[in-house]
Amino acid sequence: MTLTLYNTLTRAKETFEPIDPANVRMYVCGPTVYDYAHIGNARPVIVFDVLFRLLRHLYGADHVTYVRNITDVDDKINARAAERGISIRELTEETARAFHEDTDALGVLRPSIEPRATEHIEEMLAMIGRLVKNHHAYAADGHVLFDVPSMHDYGELARRPLDEMKAGARVEVAPYKRDPMDFVLWKPSKPGEPGWDSPWGRGRPGWHIECSAMSWKHLGKVFDIHGGGIDLVFPHHENEIAQSRCCHGTDVMARYWLHNGFLQVEGEKMSKSLGNFIVIHDLLKDWPGEAIRLNMLRTHYRQPIDWTVAGLEESVKVLDGLYEAVGEADAGTPDEAVVAALCDDLNTPKAIAALHGLRNAAAHGDATAAAALKASANLLGLLAGTHTDWFAARKEAAHVDEATVEALIAARAAARKARNFAEADRIRDEIAALGVVLKDGPAGTTWEVTR
Ligand code: AMP
Ligand code: ZN
């Protein structure tokens, strides 16, 4: 099957051709670990997890290397650690651990390699040294800056007019800069700030060079796919490209650049000041991770997504239906229509629609369809658990008292037996008000929660 991906670099959907099918290489910018990740941060994590799963399906699980970094040196980290009165190391360890807990709960596979910026200072210094030697960077006032005008095709990814790029980069005018567009590769550290010795004095790296160094170390000078949120196109990815290409003398850094659209909440930009800031850690207290994941995938990754409670509720219902139909089936072969939808620039809404077709067939007792449903959903990171566990967790989360429900079911059965149908109906309504639906079957009455 042919995989097509929308490439931000060319602004076109292209057939994906890996440099080496025996080792397909993908890099995605990871979290800066100073606080819990929010639901917007979850989007690239989930989206690129689906792509990772798809690549593993197409090329073989041992033939894909997925690198997602952890940025553990950053001014926001320094500030937060000082605010909380803990060490930087404590803060970054704690936050990285929380990030893993959250993403595990969202059914996200761990990447093949998860490099930390602080463990790659040597590679960053090697790249910076080379850029200085190549006349693409210069030292000034304890800083090292990338010389933007030295690169003739700077801006090829963002494709924006220079003045717009300047505004977008919120360009800092500093006396040590030759051109306002020049950006920091290395900056001096004051006593008390994290720092490493370098030929330009004790200092720390700029953010962009971290990703250039880690991707080079783990994936090579040129690799297949680079991903992240749309906000990273400029300046972060543009600058990664500038550094890597000028350092290594290559035409491209990565061949396919993929960007997910932004997430807003109930029609508004998510922000702390609007009070609609949703942290994954909190959301997981109220919703199954799988429903959060499904809700994210019901929108195509390049579209903006409006995150709503109504959407989450509906996602839970959809999962009820899928688990109901799949039963305890083992995974078979993924359905062609689902794979084809994913191969069409990761069209997850279309893939989910195809799951519904399988669900209908499986619900009518088609065992092959049930096995295909399980395997296809797994490709999206869904239906990983069992039918029993899903409904048990749903009952637990709904805080419905089992004994109460069982007693009402018995009372209803007694009323029916006495042909008191009005009373039986009344009890059914009482049960429904608890958020429980009864299922009368040949083996008696079972129940499930509806919220
Ligand atoms: P940050 O911690 O801001 O560097 O973001 C980490 C990742 O989350 C990047 O890939 C961002 O593009 C992405 N991201 C941040 N906010 C949102 C949002 N509201 N919607 C979608 N992606 C986001
Ligand atoms: Zn990056």
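Please treat every number below as a calculation from the coordinates, not as lab data. Predicted, not measured: the structure shown is a model, and the values here were computed from it. Quick reminder, even Gly has a Cβ in these numbers, built from the backbone with ideal geometry, and neighbours come from all protein chains shown.
Values computed for the structure shown
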read-out	value
Difference of contour (0.36 nm per residue) and Cα-Cα distance, Arg160 to Thr4	53.6 nm
Relative contact order of the stretch 188-247, defined on C-alpha pairs under 8 angstrom at six or more residues apart (%)	29 percent
Residue order, fewest to most surrounding Cβ atoms within 10 angstrom, among Ile278, Ile70	Ile278, Ile70
Two-site label geometry, Ala82 and Asp20: point separation in nm, points 7 Å out along Cα→Cβ	4.5 nm
The stretch 77-202, relative contact order in percent, only Cα pairs under 8 angstrom and at least six apart counted	21 percent
The stretch 58-203 shape via C-alpha gyration tensor axes, a/c threshold 1.5	oblate
Sorted peptide list for 304-310, 117-123, criterion being average Cβ within 10 angstrom, highest first	117-123, 304-310
Quarter of the Cα convex hull surface for the stretch 145-208, i.e. its orientation-mean projected area (nm²)	5.2 nm²
Of the DSSP H helices in the chain, those whose Cα atoms cover at least 20 Å axially and whose Kyte score averages 0.5 or more	39-59, 309-326
For the stretch 218-308, convex hull volume per residue from C-alpha positions, Å³	137 Å³
Geometric extent, Cα atoms of the stretch 269-372 - Rg, Dmax (angstrom)	15.7, 51
Computed [θ] at 222 nm, helices only, for the chain once each DSSP H run of length n ≥ 4 contributes -39500 (n - 2.57)	-14500 deg cm²/dmol
At 0.890 mPa s and 25 °C, Stokes diffusion of the stretch 185-270 via Kirkwood alpha-carbon radius, µm² per second	166 µm²/s
Hydrodynamic radius of the chain per Kirkwood, over alpha carbon pairs, in Å	24.5 Å
Relative contact order %, the chain, counting alpha carbon pairs below 8 Å whose residues are six or more apart	16 percent
Considering only the chain, percent of DSSP beta bridges that pair antiparallel, nearest 5	50 percent
Hz values of 3J(HN,Hα) by residue in the stretch 7-16 - Karplus curve (6.51, -1.76, 1.60), Gly and Pro given as x	9, 4, 4, 10, 6, 8, 7, 10, 6, 7
Neighbour-count order for Ser198, Ser189, fewest beta carbons within 10 angstrom listed first	Ser189, Ser198
Of every Cα-Cα pair in the stretch 49-105, the percent that sits beyond 17 Å	54 percent
